[in-house]
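Structure, as structure tokens:
The values are calculated or read from the model by the stated rules, or taken from the named source; none is laboratory data. Worth saying up front: this structure is predicted, and the values here are computed from it rather than measured. All Cβ positions, glycine included, derive from the backbone under ideal geometry; neighbour counts span all protein chains shown.
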Amino acid sequence: MSLEYALINDTSWQSQTEWQTPDTPFMSFAFWQALTDTGAIGEQAGWLPIFILVHRVADATDSEDNTDTLVDSAAENALQPVAVMPVFIKGHHRGEFVFDHAWAEAYARYGVDYYPRLVTSAPYTPIAGQRVWLVKGEVLNEEILRTAIAGIDDIAQQVGASSWHGLFVTPELASIATISMPTEIDVELAIAAQESGVESATIELPILERQGCQFLWQNKDLLNDSKPFADFDAFLMTLKAKKRKTIRAERRKVTEQGISCQRKCGDAISDADWKAFYHCYVMTYAVRGQQPYLTIDFFMALAASMPEHIMLAQALDASGEIIASSLFLYDRPDSDNVDGDKADGDNNATLYGRYWGALGEYDSLHFELCYYQGIEFAIEQGLISFDPGTQGEHKLVRGFIPTTTYSIHRIYDPRFVPAIGDFCARDRLHMAQYRQQSFEALPFNADNMPAFDGIDS
């Protein structure tokens with residue numbers, strides 16, 4: 001059976017079959033529905049979604065060509081879904097966290113439009129993970145990805161997009177994409193083909209890979225046969241004495257200010273808690289003169305649809321008033337894995353630090369509420385890792401390990417491909433050096449220093 005694609009502008013495909021459990025809560029249907037229902041994605045937000053449905057056809061001669069237009073959902077019932085990739089048509093870069101502003105400026109200098117552009121990501125979420133929903137029993141492979149990329153090329157041609165960007169993808173997806181596409185381009189031949197109107201010319205364009213660095217805490221006690229930590233103090237004992245002292249001093253500073261912290265999960269988080277959290281969250285943007293991406297309705301929708309994945313850490317002053325909040329999402333260690341079967345002893349559950357805010361400036365409170373409360377929770381729940389969010393060397397000295405992130409890019413104007421490809425190659429080298437330097441600055445004692453292979457941590 002061969003694979004074809006259809007372009008769909010709604011989510012009716014979700015009910016056509018059984019889908020694998022996503023690898024993070026940010027690709028769950030509930031999370032995306034909350035984004036849609038509250039206007040965080042959609043035309044008004046500048047995140048216009050199109051879904052590429054990859055499906056099987058038993059005999060190519062029996063199926064009509066449905067790959068050249070945006071189709072409506074009524075025609076999809078007869079298809080045999082295999083996978084779906086989301087693609088957004090965008091006229092800006094907001095909420096992406098992988099920056100290509102320099103590329104846009106280069107286009108502008110040459111009088112070429114960089115917008116619209118296409119993006120595949122979990123919106124507003126710099127968390128690495130799958131970017132393709134798979135039907136139960138399916139495995140992402142080159143054929144599926146090439147079919148999806150053909151759909152991307154189709155959308156790009158229809159809307160005149162300059163490029164496509166797959167953000168914070170898994171290393172597996174990045175590897176399949178770069179292997180399945182050419183690594184070099186004959187610029188003159190590609191330009192001539194495009195100018196002659198040969199629509200298939202774009203298939204010869206390469207996929208360019210960029211790498212980044214984020215910091216991930218691992219619940220792995222190398223002093224104790226790599227078992228999970230028994231408690232926060234067990235984690236501290238893996239650090240150098242000076243670093244242990246610094247973290248303990250930071251935690252004392254919080255209590256010396258009359259501040260106490262507490263954690264609530266799921267249904268234990270009240271409407272009043274959500275309102276207090278959102279007040280703090282808005283303040284994070286207000287101090288920079290910005291409006292938040294997400295609304296209180298979005299967070300309330302998460303509370304209603306996926307409470308089992310939510311933890312809220314709160315800081316209270318001496319009078320019991322909430323002065324800061326930090327919202328986390330997390331995988332359930334007992335949840336289904338991506339193959340749809342129970343994760344029998346294979347625990348990859350992760351805590352994700354996402355949204356934070358405070359009503360004022362408090363010494364060391366950000367470290368306490370966003371990092372140390374998260375580490376304690378991960379240990380208590382038996383979570384294997386903790387992703388606190390993007391950027392920040394200050395995470396490094398608190399035991400968060402440098403980890404490679406990946407993005408992949410497809411540039412449709414062949415004139416720009418060599419320069420952007422060279423930029424990506426130099427950027428990968430720079431990031432490899434940065435990760436090496438970061439690794440050398442880790443605060444662990446010699447017996448608990450994690451392995452580093454020069455590419456990934």
Practice task
Would you check if there is a residue in segment 372-389 being within 24 Å of K242 (Cα to Cα), surrounded by fewer than 15 Cβ atoms within 10 Å (Cβ to Cβ) and either in the same structural domain as I310 (by TED's automatic domain parsing) or touching a Phe, Trp or Tyr at 6+ places or on another chain (Cβ under 7 Å) (or both)?
Solution key: no
Exercise for the section: Please enumerate the residues belonging to segment 286-301 that are in contact with a strand residue (DSSP E or B) (Cβ under 8 Å, 6 or more places away or on another chain) and part of a helix (DSSP H, G or I). Expected result: F299
Handout entry: Residue that is farthest from Q130 (Cα to Cα), among those in segment 81-111 that are modelled with pLDDT under 95 and of a type in the set (F, W, Y)
Key = F99
Fill in the blank from the handout: Within segment 163-182, residues of a type in the set (S, T, N, Q), surrounded by fewer than 21 Cβ atoms within 10 Å (Cβ to Cβ) and either touching a residue at least 40 places away in the same chain (Cβ under 8 Å) or at positive phi (or both) come out as T170, T178
Problem - Selection within segment 232-276 - of a type in the set (V, I, T) and assigned to a helix (DSSP H, G or I) - result: T246, I247, V254, T255
Exercise for the section: Taking the options A74, A78, name whichever one is assigned to a loop (DSSP other than H, G, I, E, B), at pLDDT below 95 and aliphatic (A, V, I, L, M). Expected result: A78
Handout entry: Complete set of residues in segment 390-420 that are surrounded by 19 or more Cβ atoms within 10 Å (Cβ to Cβ), among the hydrophobic types (A, V, I, L, M, F, W, C) and touching a Ser or Thr at 6+ places or on another chain (Cβ under 8 Å)
Key = I401, I408, I411
